[in-house]
Every structure is written in C-alpha cells, then in structure tokens.
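Right, one structure below, let's go through it.
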Amino acid sequence: MSELVTGDAVVLGLRPAKLPSRALALSIDLVVVGAAFVLVSAGLAVATSGLDAAAFAAVSVATFLLVLVGAPIAVETLSHGRSLGKLACGLRVVRDDGGPIRFRHALVRGAMGVVEILMTLGVVASIASLVSARGRRLGDVFAGTLVVRERLPAGRSASVPPPPPWLVGRFAGLDLSAVPDELWLAVRQYLTRMHQLDADVGRAMAGRLAGELAGWTGVPAPVGVPAAAYLAAVVNERQARDAHRMWAASPSSSDGPGGTGAGWPMKPPGPTGSGRGGGSASVSEGPRGSGAAPAVPPPGAPAPGTPAPGTESVPPPATGFAPPA
C-alpha cells in the first residue's frame with residue numbers, strides 16, 4: 001500500500017485508487033454529464049431554431065465546452081476533488097502531497113481528459129492507469145494529482161503517536177519550510193509502524209530519518225533525545241503550525257475583538273441633539289462613531305462650561321471638608 005501524508009501530516013492511510021474503481025466513478029460521471037448535455041442541447045436547439053448554420057455551430061461548440069468540460073472542472077474545484085461518481089465510489093482527487101486540489105489542478109485534469117477520455121473513448125487513460133504504479137492517468141501526471149480511496153476498512157489506518165510531553169513546543173523556532181513532502185511521508189510511515197519493526201532496525205531507521213530531517217532544517221537534533229521522539233515532536237510541531245494557519249485563514253477567525261470580520265455587532269451611534277429648544281448634543285458617537293463634528297449650541301444658549309445666568313455669585317454647598325492650607 002502506498003500511503004500519502006497531507007500538508008498538515010494528519011490524513012492517514014490513503015490508498016491510490018486503481019483502474020476498476022476509477023472506471024466505475026468515471027462511468028457515473030459520464031452518465032450524469034451526458035444526460036445534462038442532452039437536455040441542454042435539446043433546449044438550445046429549440047431556442048435557436050431560427051439561427052443560421054454558423055451560429056448554431058458556435059452554440060453547439062460552446063455547449064460542448066461548458067457542459068462536458070467546464071462543468072466537471074467546476075465540480076472538482078468546488079468539491080475539492082469529489083465529483084458525483086467519486087463520491088459514490090469513495091474516491092477523491094488530491095495533490096501529490098495529499099492536500100486538496102485547486103482550480104489549476106482541475107483545469108489541467110479536465111483539459112487532458114478531453115484528449116485521453118472523450119476523444120479516445122478512455123483507451124489512453126486506461127493504458128496510462130494500468131502502466132502507472134499509482135493508477136495515474138496523463139491528466140494526473142501533468143496536474144500533479146492523484147486519485148485516492150477515502151473509505152478504508154476499520155482498523156486499517158494508523159495514527160502518528162504523540163511526542164513525549166517534555167518535547168511539546170521545544171521545536172517552535174525550527175524552520176520546516178524546506179523539508180520535502182517525501183521525507184514527511186517517510187517519517188510518518190516510520191512512526192506509525194515503528195512498533196512492528198525490529199528494535200535495531202527501528203533505531204537505525206529513526207537515526208537516518210532524524211539525520212535527514214536535521215539536514216533540511218539546518219539545526220542538528222538535540223543531544224540525548226531519542227531519534228523517534230525527535231521525529232514525533234517535529235511532526236507534532238508541523239501539525240500545530242498548519243492547524244494555526246488554517247484557523248487564521250478561516251473566515252470566522254477574523255470576527256471578534258480586533259478582527260476585521262462582521263461577526264460582532266457594531267455599537268449603535270449615541271444620541272445626537274436636534275439643536276432645537278436648547279437641548280444638549282452629544283460630542284461624539286462612542287468608540288465606533290463616524291467622527292462627525294459636535295453639534296453647535298443654538299443662538300442665545302450658554303457655551304459649554306459657562307454657568308447659567310444668576311448663578312455666578314452662588315457659593316457651592318458646604319461639604320464639611322476643609323482643603324489643606
């Protein structure tokens with residue numbers, strides 16, 4: 001079984017899909033897309049019955065490109081690699097490193113699919129899938145993608161063991177950007193199977209992987225730390241960083257105090273005076289106000305801070321407190 005590790009090193013036990021399951025998923029997709037193409041073509045034929053031959057040919061080509069090419073690309077992009085047929089068969093298109101595909105991956109796969117599936121009736125795609133060790137067709141090779149199985153029998157997947165508590169957070173300053181995905185895959189596979197290996201073989205393999213990982217990071221492994229514990233701690237640090245980036249990039253993370261989202265209700269502006277009848281006006285509208293200038297008092301009204309007429313000579317009431325001399 002050829003397993004993959006995602007960018008955050010948490011998706012486990014993925015297996016490349018072979019030709020039979022992919023052919024079944026493709027058949028379902030072709031039936032759905034073909035039915036949609038027939039319906040759209042029939043509707044356009046009725047709507048464009050008054051057009052000449054050139055206009056009708058242009059509409060037919062546009063319908064072919066939009067329904068048979070554009071629709072699968074849009075579905076794979078929006079569903080992150082799960083078309084209707086793949087969803088029914090438990091398959092999914094992922095990148096080579098196990099992450100979700102984007103529009104450019106779906107575009108390349110769709111463009112190559114026109115040649116190797118539609119124009120050759122799937123012969124080229126079948127031959128390429130049979131020759132490839134991971135069942136990839138030409139579209140997957142050019143796009144850098146892979147179709148994997150998401151549904152696995154119970155008990156077949158294994159999780160990466162957590163690092164010792166005294167190593168959690170110790171490698172927070174380690175630069176992991178240059179570590180290739182192939183090395184992450186090898187490290188994860190070792191960690192999930194290290195208890196099944198011979199003790200000497202396991203120690204030798206852990207030492208080799210730790211040396212390679214230290215070479216890519218530029219920082220040697222700490223002295224006195226077992227190689228397996230070092231590997232587990234570094235993988236845990238990568239998971240924590242990617243989880244933090246995913247949380248920071250999510251729309252909900254921008255809401256709240258200090259954020260830029262609109263999830264928190266804004267404080268309503270404070271009351272403002274109308275300027276009639278000598279009423280007082282609010283100087284500002286609070287911390288979320290619009291910054292408008294304070295209201296001007298009406299003619300004849302005393303300026304702010306000026307005592308009312310007839311109260312200049314009235315002494316303040318006695319409080320029983322004598323100020324210091």
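For segment 61-100, a tally of residues being outside any helix (DSSP H, G or I), farther than 15 Å from P16 by Cβ and either touching a residue at least 24 places away in the same chain (Cβ under 8 Å) or over 16 Å from the mean Cα position of the chain (by Cα) (or both) returns 2.
Can you tell me which residues in segment 160-180 are within 18 Å of G98 (Cα to Cα) and at pLDDT 80 or above?
First, pick out the residues of segment 160-180 that are within 18 Å of G98 (Cα to Cα): 160, 176-180.
Passing the criteria: L176, S177, A178, V179, P180.
If only residues of segment 48-86 that are at pLDDT below 90 and of a type in the set (V, I, T) are counted, the one that is most open to solvent (accessible area, probe 1.4 Å) is V61.
What about R203, is it in a helix (DSSP H, G or I), modelled with pLDDT of 80 or more and open to solvent by 20 Å² or more (accessible area, probe 1.4 Å)? Break it down stepwise before answering.
Values: in a helix (DSSP H, G or I): yes; modelled with pLDDT of 80 or more: yes; open to solvent by 20 Å² or more (accessible area, probe 1.4 Å): yes.
Yes.
The single condition among (1) touching a helix residue (DSSP H, G or I) at 6+ places or on another chain (Cβ under 7 Å); (2) under 17 Å from S21 (Cα atoms); (3) not acidic (D, E) that V114 does not satisfy is (2). Of the residues making up segment 124-141, those that are more than 19 Å from H105 (Cα to Cα), part of a helix (DSSP H, G or I) and open to solvent by 80 Å² or more (accessible area, probe 1.4 Å) number 3. Considered as a group, the residues in segment 172-188 that are open to solvent by 50 Å² or more (accessible area, probe 1.4 Å) and not small (G, A, S) include one that is farthest from R238 (Cα to Cα), and that residue is E182.
Considering segment 17-33 alone, what residues qualify as being touching a Leu at 6+ places or on another chain (Cβ under 8 Å) and of a type outside the set (A, V, I, L, M, F, W, C)? Reasoning before the result, please.
Kept after step one, since they are touching a Leu at 6+ places or on another chain (Cβ under 8 Å), are these residues of segment 17-33: 17, 19, 21-22, 25, 28-29, 32-33.
Within segment 17-33, S21, R22, D29 qualify.
Somewhere in segment 34-47, is a residue at pLDDT 80 or above, open to solvent by 70 Å² or more (accessible area, probe 1.4 Å) and not in a helix (DSSP H, G or I)? Among the residues of segment 34-47, not one is at pLDDT 80 or above, open to solvent by 70 Å² or more (accessible area, probe 1.4 Å) and not in a helix (DSSP H, G or I), which makes the answer no. All of A243, A221, A232 fail the test of being loosely packed, with under 13 Cβ neighbours inside 10 Å, under 32 Å from the mean Cα position of the chain (by Cα) and closer than 18 Å to R170 by Cα, apart from A243.
The values are calculated or read from the model by the stated rules, or taken from the named source; none is laboratory data. Keep in mind that what you see is a predicted model, and the values were worked out from it rather than measured. Every residue, glycine as well, gets a Cβ built from its backbone with ideal geometry; the counts of neighbours run over all protein chains shown. These accessible areas exclude ligands, DNA and RNA; they are computed on the full protein's heavy atoms, side chains included. Shrake-Rupley method; radii C 1.70, N 1.55, O 1.52, S 1.80 Å.
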